[in-house]
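The values are calculated or read from the model by the stated rules, or taken from the named source; none is laboratory data. Not measured: the values here are computed from a predicted model. We place every Cβ from the backbone using ideal geometry, glycine too, and count neighbours over all the protein chains shown.
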Amino acid sequence: METFLPYCGKIAKHFSIPWKNSSPARGRLLSFFILTCSFFILALAPLSAHAQLGPYPIVTEQAEFKAKIYKRDRDILWVQRGSSPQIGISVTDIKGIKMPRPGLFKAVEKIRTSPKATDAQFRAAHKALDKMILQLKPLRDIQGIPANEAILLKARLYDAKNLWRESTRLYEDILLKVPEGELATQAQILAGIAYAQGEEWNSAIEYLGGVELPEEDEEMLSKLLFGLGNAYYALGNYDNALLSYLPLVVFYPYVHDNEPRGLAAALGCYAHLGEWEPLYRTIQEIKKNYPNTPAEKTADQFIEDYRDDLINAGQFVDGAEVGEESDVDADTDD
């Protein structure tokens, strides 16, 4: 902490914040300010450490040794072991470099996922990632160098600000350079979601249709299925849209409001397909279980738009008025 005090003093002076002889109230404010400064300095500290690029364990066909990385000259990587002179290693002989995951990544993720993160914090995160990407990009084809992960994190920062064109450009760059694997699949899914958000429907289907679902990441899985369903719906493929929306209701109903959102999204598919009984039942389900929600507002709009069709459908189901609890539901509750 003592290391940061001179910097905090300079910053405090710059912003005209009393640094010495402060009142207790100002002292508390200043303490908070110091902690805030420390957070940002610590968040960016890993970047300074990685400016030296090592020493990291380098694994070759013949051996494993620790060395500092200095530069890449085409297919030769120049490194230094201890105090020995620099040597050139053929990149094709390197099986991997064991570079630790930068602490900066964790700090960037906290900013990306925090609802209270400021624009200034986002700019700082972008700037730190840009410096790291510039340094690591020449090594991005070497296993263990997290250049592509840094690019993906920058793209996700753009997603958080709804800058879909900027993010898809970076995802596409990753997909061009990274071999098949976990990172490539993640970039493909995130690109498809971004295309769907940007209403580039054909590209969304190209990237999301048939991709393996990320079962362990429920947030990404939910966005994937909604994005794919929205793309099919926008292109008039209502059957496939339903096949995207309904798994959210059946298999993942309790995360990210998937059940009410999925049910509301399915209403348009049923209406376009002329499936009045499922439309009727889905509206009743929303009205019963999700009152005073955006899903109910959507259901009320469908009641207004398709009242006659819904009344006719209700006659064949249970005779309940549209939007009221059905006799079957009432008997079940008793």
>> Here's a check for you: in the stretch 50-67, which residue that is surrounded by 13 or more Cβ atoms within 10 Å (Cβ to Cβ) and closer than 30 Å to K110 by Cβ is modelled with the lowest pLDDT?
In response: H50
> For the subset of the stretch 184-212 comprising residues that are assigned to a helix (DSSP H, G or I) and farther than 18 Å from Y158 by Cβ, which member is farthest from the chain's Cα centre (by Cα)?
Replying inline: N202
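Residues checked against (1) without any contact (Cβ under 8 Å) to a residue 60 or more places away in the chain; (2) of a type outside the set (S, T, Y); (3) surrounded by 12 or more Cβ atoms within 10 Å (Cβ to Cβ); (4) out of contact with any Pro (no Cβ under 9 Å at 6 or more places or on another chain):
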| site | (1), (2), (3), (4) |
| --- | --- |
| I69 | no, yes, yes, no |
| D73 | yes, yes, no, yes |
| R81 | yes, yes, yes, no |
| K95 | yes, yes, yes, yes |
| F105 | yes, yes, yes, no |
| P115 | yes, yes, no, yes |
| A120 | yes, yes, no, yes |
| D130 | yes, yes, yes, yes |
>> Restricting to the stretch 165-196, and then to whatever is surrounded by fewer than 20 Cβ atoms within 10 Å (Cβ to Cβ) and in contact with an Asp or Glu (Cβ under 8 Å, 6 or more places away or on another chain), can you tell me which residue is farthest from G96 (Cα to Cα)?
In response: T185
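Given the criterion more than 21 Å from L235 (Cα to Cα), among the hydrophobic types (A, V, I, L, M, F, W, C) and not in a helix (DSSP H, G or I), identify the matching residue among I133, I145.
I145
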>> So, P85, is that one surrounded by fewer than 17 Cβ atoms within 10 Å (Cβ to Cβ), in a strand (DSSP E or B), modelled with pLDDT of 50 or more and out of contact with any His (no Cβ under 7 Å at 6 or more places or on another chain) or not?
In response: no
